[in-house]
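The values are calculated or read from the model by the stated rules, or taken from the named source; none is laboratory data. Predicted, not measured: the structure shown is a model, and the values here were computed from it. So basically every Cβ, Gly included, is an ideal-geometry build from the backbone, and we count neighbours across all protein chains shown.
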């Protein structure tokens, strides 16, 4: 017998996806929609299969830019969140700047970064970082600040140092918040890498989408978008898997 959990977690989403693809295929044929406007899934899959070897190089480029931006967002965002929580002065000084940096459209910053940092993968990594670091900073700072005062008082009663209190109390309490921000950041990193490739690049999935739409090769553009979606899903799942190992105490809550 198939359990209800398997049906809810796997069979229902798979059946929904198949149903959407079948309806999409039928609609394009029934309504006679031109392929350059909305290609059927069969044409998209066929084009992707024809490009399977060329896709490998471009996928690796976009994946490297995505992981580079995500790693940079962790390296910068987590220490910045710690400084914001422990120093009200730094919070007052930097928090408005962080919000301002997040509010600026990254598609407007990308050309400037291309001029400043030059051609190559570094500007794309930096755009991915700018998109991804905000949820890391905000969620990590929220988690560190959400430590129950009772635990902090208990730590002081045992005369624990500030560093020990951070490692033993604040950091474990903030880990679920950190991973919540990291799962958002990894998907945003994919978007940031593609935005950077849109502005100036000769390789990557974003470059393929831009080139394909310029020549009305809609099937190729959709194939690239599907690959980007799969990449984001896999990376999200990888972060969630790391969360299971780092925060095993959250597993019972997830099952409930």
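The single condition among (1) closer than 21 Å to residue 144 by Cβ; (2) surrounded by 13 or more Cβ atoms within 10 Å (Cβ to Cβ) that residue 88 does not meet is (2).
Just one of (1) closer than 21 Å to residue 183 by Cα; (2) surrounded by fewer than 17 Cβ atoms within 10 Å (Cβ to Cβ); (3) in contact (Cβ under 8 Å) with a residue 24 or more places away in the chain fails for residue 75. It is (3). For segment 156-163, check the following and say yes or no: at least one residue is surrounded by 14 or more Cβ atoms within 10 Å (Cβ to Cβ) and either in contact with a helix residue (DSSP H, G or I) (Cβ under 6 Å, 6 or more places away or on another chain) or at positive phi (or both). Among the residues of segment 156-163, not one is surrounded by 14 or more Cβ atoms within 10 Å (Cβ to Cβ) and either in contact with a helix residue (DSSP H, G or I) (Cβ under 6 Å, 6 or more places away or on another chain) or at positive phi (or both), which makes the answer no. The single condition from (1) modelled with pLDDT of 85 or more; (2) over 20 Å from the mean Cα position of the chain (by Cα) that residue 34 fails is (1). Just name the residue that is surrounded by the most Cβ atoms within 10 Å (Cβ to Cβ) out of those in segment 198-230 that are modelled with pLDDT under 85 and closer than 17 Å to residue 109 by Cα. Top of the filtered list is 201. Any idea which of 56, 80 is within 24 Å of residue 239 (Cβ to Cβ) and crowded, with 17+ Cβ neighbours inside 10 Å? It is 80. The requirement of being surrounded by 15 or more Cβ atoms within 10 Å (Cβ to Cβ), over 30 Å from residue 136 (Cβ atoms), in contact with a helix residue (DSSP H, G or I) (Cβ under 6 Å, 6 or more places away or on another chain) and in contact (Cβ under 8 Å) with a residue 24 or more places away in the chain is satisfied by residue 47. Among the residues of this structure, residue 48 does not count as one that is over 21 Å from the mean Cα position of the chain (by Cα), more than 24 Å from residue 208 (Cβ to Cβ), at pLDDT below 90 and in a helix (DSSP H, G or I). Among all residues of segment 7-18, there is at least one that is modelled with pLDDT under 85, under 24 Å from residue 209 (Cβ atoms) and in a helix (DSSP H, G or I). When residue 95 is tested against (1) in a helix (DSSP H, G or I); (2) within 26 Å of residue 205 (Cβ to Cβ); (3) free of Cβ contacts under 8 Å to residues at least 12 places away in the same chain; (4) over 21 Å from the mean Cα position of the chain (by Cα), only condition (2) is not met.
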